């Protein structure tokens, strides 16, 4: 492992640890709030030196600071795959209500040439020791190539806050993917268990299947990283499952969730129904469960169970891109990027997966179907994991379409009667500039029910080639 310190100081460091946690017409399904929620852009990225294209979930500490990542930008080595290597940032709330939030880059990724990560493809989470953890798609010590040049296979990294206010954060690469059966191109956010083990997924690698897209081999993995027994020791990585495509899943998306028994649930973008050709190489995607070995077999084999294969009919959705969340009754909620029953063209769905009375049999119900195309008022192509509030209402984002063709924030209000219709509300329609566009991150609920998230583009920053705008972090108040 190697450590680096970022030269730029952070001005307001706390001791962070706080995870805050059918065929009806669309016109009949949409209703307006009695009082319209207020959306505010907290920060517009400028490209250099502060990064651009945020897309991962934000993390919040007990002081209300927000932490996230940008795919590109920053002041890292110019030899990264896309010219810049990406950043981890902090947004500090104003001292007085209505003031400006302060953005600080707490780490600039340096890329493959310095054995560091590049292109963080998910947000950060709080883990054991009050540290931030995340993944990068490229960089690290692996020998993977991209378009004929060395790019690295991706990393898992740790960020340790400074011991004193105003100090620099310390970044440590705790694992560098090697490619092949090891997996590479890590995606999404990690999830931690109570022992501090980290779980995540790689979109490619694993040693099985033909999911190469002409560039990368194999169909992806789910992995575990176990912390060292002594401070400063090496983390232990192992692949828990390698996807095989065909009737099995392919290309897991991150956003994993754990149940109380330690089983892992997630989605794959491809694989499953071999008669469906929406995805590549085959399949409309799956929902899977990984069952841990008995406790007496700590190093035993994890067993995969495919809970649902999205069907060829498309009415139940296809190609889930986001992860899932549990409700208090053990139901799973998620989204698909395509499919649905909305006419004339479906643009993705929100679904609920429930266990039936029959053992290990799960039933999927489509709760809402988005419209596809510039005429869509609902937005379409949801790619982020949804969240639930204390009342069971669902909140999420669509990455495209809507009145300004820039995506939306939506709410599905839980019905008072089981299996009744969920009420759909558009809470905000993004406009592009100076507002955000293409929101791809999972929302976070803060104090007072305020929602926070990021949009991949939009805002007033323009120093972010090849994009025309650099993205934003936003807040929406009920």
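The values are calculated or read from the model by the stated rules, or taken from the named source; none is laboratory data. The structure displayed is predicted, hence computed values, not measured ones. Heads up, the Cβs are rebuilt from the backbone with ideal geometry, glycines too, and the neighbour counts pull from every protein chain shown.
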Quiz item: How many residues does segment 210-224 hold that are assigned to a strand (DSSP E or B) and under 16 Å from residue 248 (Cα atoms)?
Solution: 2
Quiz item: Which one of these is under 28 Å from residue 153 (Cβ atoms) and in contact with a strand residue (DSSP E or B) (Cβ under 7 Å, 6 or more places away or on another chain): 69, 102, 79, 92?
Solution: 69
Quiz item: Listed residues 207, 262; which is more than 21 Å from residue 333 (Cβ to Cβ) and part of a loop (DSSP other than H, G, I, E, B)?
Solution: 207
Exercise. Please specify each residue of segment 318-348 satisfying the condition of being part of a strand (DSSP E or B), at pLDDT below 95 and more than 21 Å from residue 203 (Cβ to Cβ).
Key: 346, 347
Quiz item: Quick check: anything in segment 141-149 within 20 Å of the chain's Cα centre (by Cα) and buried (at least 16 other Cβ atoms within 10 Å of the Cβ)?
Solution: no
Quiz item: Among the residues of segment 81-109, how many are part of a loop (DSSP other than H, G, I, E, B) and within 22 Å of the chain's Cα centre (by Cα)?
Solution: 6
Quiz item: Is it the case that residue 86 is modelled with pLDDT under 95 and under 25 Å from residue 475 (Cβ atoms)?
Solution: yes
Quiz item: Would you pick out the residues in segment 141-195 that are farther than 23 Å from residue 219 by Cβ and outside any loop (DSSP other than H, G, I, E, B)?
Solution: 149, 150, 157, 158, 159, 160, 170, 171, 172, 173, 174, 192
Exercise. For segment 435-445, indicate whether the set of residues that are surrounded by fewer than 16 Cβ atoms within 10 Å (Cβ to Cβ) and not in a strand (DSSP E or B) is non-empty.
Key: no
Quiz item: Which members of segment 403-418 meet the condition of being surrounded by fewer than 18 Cβ atoms within 10 Å (Cβ to Cβ), part of a loop (DSSP other than H, G, I, E, B) and touching a strand residue (DSSP E or B) at 6+ places or on another chain (Cβ under 8 Å)?
Solution: 403, 404, 414, 415
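Every residue, every condition in (1) farther than 14 Å from residue 136 by Cα; (2) modelled with pLDDT under 95; (3) touching a strand residue (DSSP E or B) at 6+ places or on another chain (Cβ under 7 Å), yes or no:
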{"site": "168", "(1), (2), (3)": "yes, yes, yes"}
{"site": "171", "(1), (2), (3)": "no, no, yes"}
{"site": "184", "(1), (2), (3)": "no, yes, yes"}
{"site": "189", "(1), (2), (3)": "no, no, yes"}
{"site": "200", "(1), (2), (3)": "no, no, yes"}
{"site": "211", "(1), (2), (3)": "yes, yes, yes"}
Quiz item: residue 135 is checked against (1) on the phi < 0 side of the Ramachandran plot; (2) assigned to a loop (DSSP other than H, G, I, E, B) and fails just one. What number does that condition carry?
Solution: (2)
